[in-house]
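Q: Got a structure for you, questions after.
The values are calculated or read from the model by the stated rules, or taken from the named source; none is laboratory data. From a predicted model like this one, the values you see are computed outputs, not experimental measurements. Quick reminder, even Gly has a Cβ in these numbers, built from the backbone with ideal geometry, and neighbours come from all protein chains shown.
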Amino acid sequence: MSSAQDSDYLAQLTPDAVVLYPSRGKLLLFVVICAAFLAGCFPMWSDGRYEYQVAAVLGWVFFGLALLFFITRLVQRVPALIVNQSGIFDKSSGISSYFLRWEEIDSIYISSIGRQRFLSIKLNDPEAFLSRQSAIKAKLMRANIKLVGAPVNISASTLPMKLDELVATIQQKSRAARVR
């Protein structure tokens, strides 16, 4: 993590903050799953057919990066989410971290894509927020808006609490946070 990210994260560790670290059990499960998929790519490569070899390489890249991310999260004890009186600091994904002030947030709600559930955060001015992101991240967040109506979506997959509990925690920190 860069020193700029360190200072952003450390600044959010106020006495009133609720700090959520990724669940070590869930991270370990994802490490095992990624390792199994990486191993599963070897028979595809050995098959010798071009299409299978391309699929194997893509699998190695995708699951290798995912494995690296989950191992890094296991080793580095960095909070996935910090909720305090000023807002929400999110570092739950592998893309990057950011801080949302309560004034920027229009509403929060639980959404899903397939069986995957998310805490979705609708912003008052999504374009202002997206302009502060890298081009790739902004494009991914615009896709989130099309899928679930919000640019910010925090996955519950590695969090140590259920989304309903997280929504209640957020409401305790900010009475202004509207729940849809």
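Q: How many residues are at pLDDT below 85 and surrounded by 16 or more Cβ atoms within 10 Å (Cβ to Cβ) if we restrict to the stretch 145-159? Reasoning before the result, please.
A: Residues of the stretch 145-159 that are at pLDDT below 85, as a first pass: 155-159.
Remaining after also requiring surrounded by 16 or more Cβ atoms within 10 Å (Cβ to Cβ): 156, 158-159.
Total satisfying the criteria: 3.
Q: Restricting to the stretch 20-60, name every residue that is surrounded by 14 or more Cβ atoms within 10 Å (Cβ to Cβ) and either at pLDDT below 80 or within 24 Å of I170 (Cβ to Cβ) (or both). Reasoning before the result, please.
A: Of the residues in the stretch 20-60, the ones surrounded by 14 or more Cβ atoms within 10 Å (Cβ to Cβ) are 20-23, 26-27, 29-31, 33-35, 37-38, 41, 44-45, 52-53, 55-56, 59-60.
Scanning the stretch 20-60 gives L20, Y21, P22, S23, K26, L27.
Q: Quick one: count up the residues across the stretch 122-134 that are modelled with pLDDT of 90 or more and either in a helix (DSSP H, G or I) or of a type outside the set (S, T, N, Q) (or both). Can you show your working first?
A: Applying the first criterion (modelled with pLDDT of 90 or more) to the stretch 122-134 yields 122-131.
Filter once more, keeping what is either in a helix (DSSP H, G or I) or of a type outside the set (S, T, N, Q) (or both): 122-123, 125-131.
Residues meeting the conditions: 9.
Q: Another question, if that's okay. Do you know which residues across the stretch 61-97 are surrounded by fewer than 17 Cβ atoms within 10 Å (Cβ to Cβ), within 17 Å of L123 (Cβ to Cβ) and not small (G, A, S)?
A: I95
Q: Looking at this structure, is K122 within 28 Å of L27 (Cα to Cα) and more than 15 Å from the chain's Cα centre (by Cα)? Quick ask: steps written out before the conclusion?
A: Numbers: within 28 Å of L27 (Cα to Cα): yes; more than 15 Å from the chain's Cα centre (by Cα): yes.
So K122 fits the description; yes.
Q: I've got another one for you. Against the condition assigned to a helix (DSSP H, G or I), basic (K, R) and under 17 Å from the mean Cα position of the chain (by Cα), how does R73 come out, does it pass?
A: Numbers: assigned to a helix (DSSP H, G or I): yes; basic (K, R): yes; under 17 Å from the mean Cα position of the chain (by Cα): yes.
Yes, satisfied.
Q: What number goes with the only condition from (1) assigned by TED's automatic domain parsing to the domain that holds S174; (2) over 20 Å from A168 (Cβ atoms); (3) not aliphatic (A, V, I, L, M); (4) not in a helix (DSSP H, G or I) that S107 does not pass?
A: (2)
Q: Residue under question is R117, and the condition is that it be over 17 Å from F89 (Cβ atoms) and modelled with pLDDT of 90 or more; does it hold? It would help to see each step written out before you state the result.
A: Numbers: over 17 Å from F89 (Cβ atoms): yes; modelled with pLDDT of 90 or more: no.
It is false that R117 is over 17 Å from F89 (Cβ atoms) and modelled with pLDDT of 90 or more.
Q: Give the number of residues within the stretch 135-180 that are part of a strand (DSSP E or B) and either touching a residue at least 60 places away in the same chain (Cβ under 8 Å) or within 21 Å of A17 (Cβ to Cβ) (or both).
A: Within the stretch 135-180, the subset part of a strand (DSSP E or B) is 152-155, 178-179.
From what is left, the residues that are either touching a residue at least 60 places away in the same chain (Cβ under 8 Å) or within 21 Å of A17 (Cβ to Cβ) (or both) are 152, 154-155, 178-179.
Count: 5.
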